[in-house]
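First the structure, in the form of structure tokens, and then the observations on it.
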Amino acid sequence: MELKLELDPARMPVAVAFVESAARTAGFEEREYALLTLSVEELFLALCNAMPGCEVGLKFRDLRYAAEVCFHFPQPPPDLRIFNITTRPDHETDEGLARMGLFLASRACDQFSVQQIPQGGWEILLRKERRYPAAGQPFTPPTQLKPWSISDTPSPDAVKQLSGLIAAQYAATQFPEEFTPEGRLLDKLASSDYGVLLAQTDQGELSGGLIWRTAERRIVECFGPYLNNPADSGLLVDQLCERLCLQFGRSRFLGMVLYAPQALPPSAGFEPSGALETPNGTVWTGYRMLDEEFGAVAWLPQELLPFYTRWSSSMALSRDIREYHDSGETGDGLTLFGSRLNRAAGMAQLTPLLVGRDAGQVLAEHLDLLDNEGYTTVCCTLDTGHPFQSLLGQHLLASGFIPRILVPWGGKGDLLQLYRQRVQQ
Amino acid sequence: MNLPPLDLLVPQHVRQFEAYVPSPPDSELRKMFGVERLVRMNNNENPFGPPPAAAAFLKSFDPASVARYPSGDCQPLRIRLSDYLGIKVSQLLFGNGANEVISFVIKAFCQQGDNIVTADRTFAVYEWIARFSGVGVKLAPLDDFGFDDEGLLGLVDSRTKLVFICNPNNPTGSWWNRERLTRFLDRLGPNHIVVLDEAYFEFMDQPDYPDGISLLPQYPNLIIFRTFSKMFGLAGLRIGYLAGSEAVVDIVRKTAIVYSVNSIAQEAALAALDDLEFIRATRAMVQEGQQMLAEQCAALKLPILSSDCNFAMIKLPFSDTLAYRLLMQQGFMIRTMTGFRFPGWIRVSMVKRDEMRLFCDALARLVHSRTDQSMLAKTYGVSAS
Ligand SMILES: Cc1ncc(COP(=O)(O)O)c(C=O)c1O
């Protein structure tokens, strides 16, 4: 659903009514969408302030597991630093109060992002997730595991079993929080952005499974295989991985990255691309290019050259590696991080959306906040397709981040995942 | 800048289609992969180049003549070829490569709601053109690497206009003999057009491999594709053709683009046509290459699909796209098969002896380096427990 409006405070109720009615039609409860409409209200007013009279496009998307509102407007957005989770507006000044709205908008939704889009203009995306009850039946491991067959359209009951298996047998750091509880996983799978491959015996008992998700990007993110009996499932791992390749072999995707809770055998067809060890369990990353690749330019800060060179040569990526030199340019202006928090795992994910000269300070503020709130593992990504993100590299390394994983074509270019891990006090 | 409303202007089936990205020029690839020489083994081209008569024509070509339009319907070439094939001139239609001819046929017979039927793992262009034209695509899985007659027949319905059979099949090299093909045509009946893609016809040296053109009198619903890109080494000039019954070709001619085959291509094809010695030499090179490759694969314990065609398919114990990059770094450009729905397989085109020898060595190095199990823990850099 789409709506075009003039940026005039008088039109704000129209925007709010649009989102409210779309969310209600999509079956969201009031307590779920109330915060989203609040965000829309505040963001609309902030944009009216910044670019009065311009036209804004509003799009609502029902993702089942979440409601998404996208604002499309012609000019660069106003100062977006307020969207950083660390920012606290100043109540004392007029300017601070004027930004209060944006502050509320960003905190009321679960996820947001800002980007300049190739077709022209800018986009801010707000997403509010649906709430789900905790899992019903506890997971009981089946006794008979073989022989299995693989399905990409399993019954809801089998998906619930998979969600149960993941929660029961794997550490919270080894799977995305969104795979539990089972209702949330089912809703995710019902959207076209997620899919599952399940191996079941003739009796319908679960041997293992894999979950994938796609986004606008060029790679498919896959998680698993989650296995009932990790000890003797080499063949199952190979078969699940091969099914993934068949599924995405002829598609718009350039590659697949697999976050696996066990090391992947070479026969699975995934190339090692790094690993993250946590006290509770390791995540092994495998990468599978789906297409012939013709090489690319990669921008990196000098400090990260050893890691990048080692991995890109082990994966035989042909890269014209260019070291980024800071020439004092303004870059993106001010620094803005998108953040995703996985409280159960104590993990936080920071994605640099804009990188400016204040990067070091903004990063430090984020880390302070996350430390205080007990997050022990923080991940931050760097995109080799954005020269200016290199500026962030030195700050990440100075704050204790270590590069661990390389995902070719994971962003505009290759994505480096750096992690900062603290031992819990 | 105000963009047109692309959401409204572009049909759904075009919006959903992902454009094919051809590989960059060799000079760029050489630079990117850091090699001085690149042996092309990815497109099933003829490493000998065009036959000597065609090469001589190209050398003597008078540039002034390109100011004139070519023959709009390849008349002189069709006259000569009809004589050679023993059919009427009006039974032949040329295009800018067999690829363009596929497009003519789909345009001529299909509208939205119609479908085509073919195999899931065959030359991809039938499927692509159908999809971006808004035509349905029904795919029958291959049976033991070959086209499955039962599977294809099971998919045909009242909206099926075209059934594409690639004979021999690119990439598996499998083929139907005359008996199997006619049995299929008989069972399908006359209500659908069957396209028999014989792009590799001239390589086939088996007594019961069927010449589709000889079946035309009996099966007027048959269309045969041939090309000058493979055996005749004219891939860069883009010229291919179809043959069919007069009534069918008259229909396809309506959707054909006149003047789309340039005059150099037409003349070179004329010169290339009946050089039997060239065909013999190419077949010998292919046979020798297939043998060298089969021996190397046996030594490395790699499954291989060999045939009379100028390509073979090899199964690797690791990712085919990784193999592509590693072989590129050694100066060999092969085709990955993940996009053909054969993950872990590569397709290799035959080249001359010396280059094939070097390729076999490179393949052995690659397989040895990547199947060393201890590498896994080493590359991850963390303990494997
Ligand atoms: C089976 C098959 N048909 C058609 C073609 C296209 O040939 P052309 O170069 O004439 O477009 C090819 C080329 O690879 C092919 O393999």
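Computed from Cα positions, the angle between helix B:98-109 and the longest principal axis of chain B comes to roughly 50 degrees.
Report the Rg/Rh value for region B:52-272, based on alpha-carbon coordinates and the Kirkwood definition of Rh.
On the way: Rg = 17.3 Å, Rh = 17.8 Å.
Rg/Rh: 0.97.
Farthest toward the positive end of the dipole of region B:45-146, out of B:Leu85, B:Gly72, B:Gln112, is the Cα of B:Gly72, where the dipole comes from beta carbon charges about the Cα centre. Between region B:262-339 and region A:312-361, the C-alpha centres lie 44 angstrom from each other. Helix-only arithmetic for chain B: the sum of -39500 (n - 2.57) across DSSP H runs with n ≥ 4, divided by the residue total, places the mean residue ellipticity at 222 nm at -11500 deg cm²/dmol. Ranking A:Gly204, A:Gly164, A:Gly183 by Cα position along the charge dipole of region A:148-289, where only Lys, Arg, Asp and Glu carry charges on their C-beta atoms, puts A:Gly183 farthest toward the positive end.
Residue by residue along A:268-279, Cβ atoms of other protein chains within 10 Å of the local Cβ number 4 on average.
Between B:Tyr259 and B:Val137, what is 0.36 nm times their sequence separation minus the Cα-Cα distance? Round to one decimal in nm. Please list the in-between numbers first.
Values: separation 122, 0.36 × 122 = 43.92 nm, distance 2.98 nm.
Going from the current span to full extension adds 40.9 nm.
Remark: the Cα gyration tensor places region A:338-425 in the prolate category, a/c being 1.5 or greater and a/b exceeding b/c.
Compute the normalised compactness of the protein assembly as shown: alpha-carbon radius of gyration over 2.2 N^0.38 Å, N being the residue count. Working shown, then result.
Values: Rg = 29.8 Å, N = 810, 2.2 N^0.38 = 28.0 Å.
The reported ratio for this selection is 1.06.
With the contact rule set at Cα under 8 Å and sequence spacing of 6 or more, what percent relative contact order holds for region A:295-425? Reported as a whole number, the value is 25 percent.
Provide a whole-number value for the mean count of partner chain Cβ atoms within 10 Å of the Cβ atoms in peptide A:113-125. Display every interim value, and only then the final one.
Working: counts 0, 0, 0, 0, 0, 0, 4, 3, 2, 0, 0, 0, 0.
The per-residue average across the peptide is 1.
Within chain B, the ratio Rg/Rh, alpha carbon atoms throughout and Rh by Kirkwood, equals 0.98. Helix A:30-50 and the long axis of chain A differ in direction by around 40°, with both axes built from C-alpha atoms. Along the axis of the charge dipole computed for region B:52-272 (Cβ charges of +1 for Lys and Arg, -1 for Asp and Glu, origin at the Cα centre), the listed residues B:Pro52, B:Val261, B:Trp128 are led at the positive end by B:Val261. By other beta-carbon atoms within 10 Å, ranking B:Ser60, B:Ser23, B:Ser229 with the fewest at the front produces B:Ser60, B:Ser23, B:Ser229. Of the residues A:Val16, B:Val249, the one with the fewest other Cβ atoms within 10 Å heads the list, and the complete ranking is A:Val16, B:Val249.
Projecting label points 7 angstrom from Cα along Cα→Cβ for B:Arg80 and B:Leu9 puts them 4.4 nm apart.
Is there a quick way to get the dipole size of chain A? I mean about its Cα centre, with the Cβ of Lys and Arg at +1 and of Asp and Glu at -1; what is the value in debye to the nearest 20?
Details: 36 positive and 52 negative charges, 137 e Å.
The dipole of chain A has a size of about 660 debye.
Considering only the Cα atoms of region B:8-90, their convex hull presents on average a projected area of 11.6 nm².
Looking at region A:328-425, which GluC sites (Glu not before Pro) are in a loop (DSSP not H, G, I, E or B) and have at most 10 other Cβ atoms within 10 Å? Show your work: numbers first, answer last.
Details: sites: A:Glu329, A:Glu365, A:Glu373; in loops: A:Glu329, A:Glu373.
The qualifying sites are A:Glu329.
Please label the shape of region A:178-334 as rounded, prolate or oblate, based on the square roots a ≥ b ≥ c of the eigenvalues of the alpha-carbon gyration tensor (a/c under 1.5 means rounded; beyond that, a/b larger than b/c means prolate, else oblate). Since a/c reaches 1.5 and a/b is larger than b/c, the shape of region A:178-334 is classed as prolate. Between B:Asp73 and A:Glu55, the simple spin-label model (points 7 angstrom out along Cα→Cβ) gives 5.0 nm. What is the Cα centroid distance between region A:244-272 and region A:1-74, reported in whole angstrom? Rounded to whole Å, the Cα centres lie 38 Å apart.
Look at where the Cα atoms of region B:77-141 and of region B:146-170 average out, and the two centres are 13 Å apart.
Can you tell me which of B:101-111, B:4-14, B:194-204, B:282-292 comes out highest on packing, and rank the rest after it, using the mean Cβ neighbours within 10 Å? Numbers along the way, then the final one.
Values: B:101-111: 21.3, B:4-14: 10.0, B:194-204: 23.3, B:282-292: 18.1.
Ranking, from highest mean packing down: B:194-204, B:101-111, B:282-292, B:4-14.
Using only the Cα atoms of chain A, build the gyration tensor, take square roots of its eigenvalues as a ≥ b ≥ c, and label the shape rounded, prolate or oblate: rounded if a/c is under 1.5, else prolate if a/b is larger than b/c, else oblate. It comes out oblate by the Cα gyration axes.
Under unit Cβ charges (Lys, Arg +1; Asp, Glu -1), what dipole magnitude, rounded to 20 debye, does region A:148-289 have relative to its Cα centre?
Working: 10 positive and 16 negative charges, 92 e Å.
About 440 debye.
Using alpha carbons only, how many degrees (0 to 90, rounded to 10) separate the axis of helix B:276-300 from the longest principal axis of chain B? Taking Cα atoms only, the helix is inclined about 30 degrees. Amide H contacts of B:Arg121: B:Leu142, each under 5 Å away and 5 or more positions distant or on a separate chain (H built 1.01 Å from N in the peptide plane; Pro and chain starts excluded). Residue by residue along A:238-250, Cβ atoms of other protein chains within 10 Å of the local Cβ number 4 on average. The calculated FRET efficiency for the pair B:Arg357 and B:Phe61, based on their C-beta separation and a Förster distance of 22 Å, comes to about 0.05.
Charge dipole (Cα centre; +1 on Lys/Arg Cβ, -1 on Asp/Glu Cβ; no other charges) of chain B amounts to roughly 800 debye.
Here, each number is a calculation from the coordinates, and none is a lab measurement. What you are looking at is a predicted structure, and each value in this text was computed from that prediction instead of being measured. As a convention, Cβ positions derive from the backbone with ideal geometry for all residues, glycine included, and neighbour counts pool all protein chains shown.
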